[in-house]
Amino acid sequence: MALWMDAGATPTTENEKADLEAISALKESAAIEFKEQGNECVRKGKKHYSEAIDCYTKAINQGVLSDSETSILFSNRSHVNLLLGNYRRALTDAEESMRLCPHNVKAVYRAAKASMSLDLLNEAKSYCEKGIENDPNNEDMKKLLKLVNSKKQEKEQHEAQVSRAVVEAKACLSAIENRGVKIGKAMYRELTGLKKPMLDKNNILHWPVLLLYAEAMTSDFVEDFCETDMFATHLDMMFSEDSPPLPWDINNEYSRDVIELYYEASSGTPLPRSRVLQYLLEGTKGSQAETTGEEDTSVTKTPSYMKGSSGMVKVNERRTLHDVLKEPKFVIPEIPVFYIVSKRSKLYKDFIAGKWSPPN
């Protein structure tokens, strides 16, 4: 009997031929029935989609239908996988359907939809164009191509924005490194938010600077402190005759002639290069960009020249911001922080004696 024949063997008797034809007919009938059951499951709705996939799989596994009929089965299974969000399986089925029947427009359409869902936009566009070539009047394919082109354009614009953000951040990082400036962990982000230095077209750094009144721990904030500016320039404006008095300075102890400016020396450890770059990218389109290959050339341990003699260092107001930031023992807590004290205040003696420190 044909049931006992080896796979691939050629029937030699009329009975064996008849048996094989009967078996083939049974399998074909089963395949058609499984196909119809699958179609019915799809019509019943989402709860029956998994059952539909099972039916189409059983029909395919009969292995007796023509290429064009089998192509329809793969296309149908692709359709259900799309409905279930199984986009990779949907694409695989659609591609197999097209292999069996290159002009199966539904399979081409489903390959395009799956590719778009997988963000394979070039492939999706190619499938759409192939489908329109096979069926020039297919409006669904044309609408999908329009959507794919729109997403492709958005993606390219986003990638360009990411690339620009990374280039700008790396340029800023190089400028910081070239100046010998060291960036450490943030201290007062709750006061400043996510502020960062910016490099202008003339290769000049512009820093956001936080000015803290040590006595009251209130603050002023300079959005754009150019590295070539002297401290005196900003202090002259802040404490000019036209400026309102500080609301907490009831004894008028903070005037231009008696204030002094300080920074805290050896207050932290310089961050490695990759961490600084991550900070510069934070809040930009490049925040999720891959920055592999950025070697950490910065020291991650406190260098010997920074050890000891920590505390407050008085700033010469006639110096520029750049001159102060490059001081060996100045580690910038993301953005420069300076402390303002008055020689008339009760705090002053303790402050210059090193008996005051910023609150944790």
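The values are calculated or read from the model by the stated rules, or taken from the named source; none is laboratory data. Please read all numbers here as calculations on a predicted model, not as lab measurements. Note that each Cβ is placed from the backbone with ideal geometry, even for glycine, and that neighbours are counted across all protein chains shown. Ligands, DNA and RNA are stripped out before the accessible areas are found, and what is left, the full protein with its side chains, is counted by its heavy atoms. Shrake-Rupley method; radii C 1.70, N 1.55, O 1.52, S 1.80 Å.
Of note:
- Members of segment 175-204 found to be more than 30 Å from P358 (Cβ to Cβ) and touching a strand residue (DSSP E or B) at 6+ places or on another chain (Cβ under 9 Å), listed by number: D200
- Filter result for A30 (assigned to a helix (DSSP H, G or I), modelled with pLDDT of 85 or more, open to solvent by less than 40 Å² (accessible area, probe 1.4 Å) and under 20 Å from E129 (Cα atoms)): no
- Sole residue being touching a residue at least 40 places away in the same chain (Cβ under 8 Å) and open to solvent by less than 80 Å² (accessible area, probe 1.4 Å), chosen from V108, V64, V148: V64
- Output for segment 223-248, where each listed residue is crowded, with 17+ Cβ neighbours inside 10 Å, touching a residue at least 60 places away in the same chain (Cβ under 8 Å) and in a loop (DSSP other than H, G, I, E, B): E227, D229
- Every pair of residues 6+ apart whose Cβ atoms lie under 8 Å, when the first sits in segment 160-185 and is within 14 Å of G283 (Cβ to Cβ) and open to solvent by 70 Å² or more (accessible area, probe 1.4 Å) while the second is modelled with pLDDT of 95 or more and aliphatic (A, V, I, L, M): E168/L199
- Of all residues in segment 32-52, none satisfies being touching a Phe, Trp or Tyr at 6+ places or on another chain (Cβ under 6 Å) and closer than 19 Å to V108 by Cβ.
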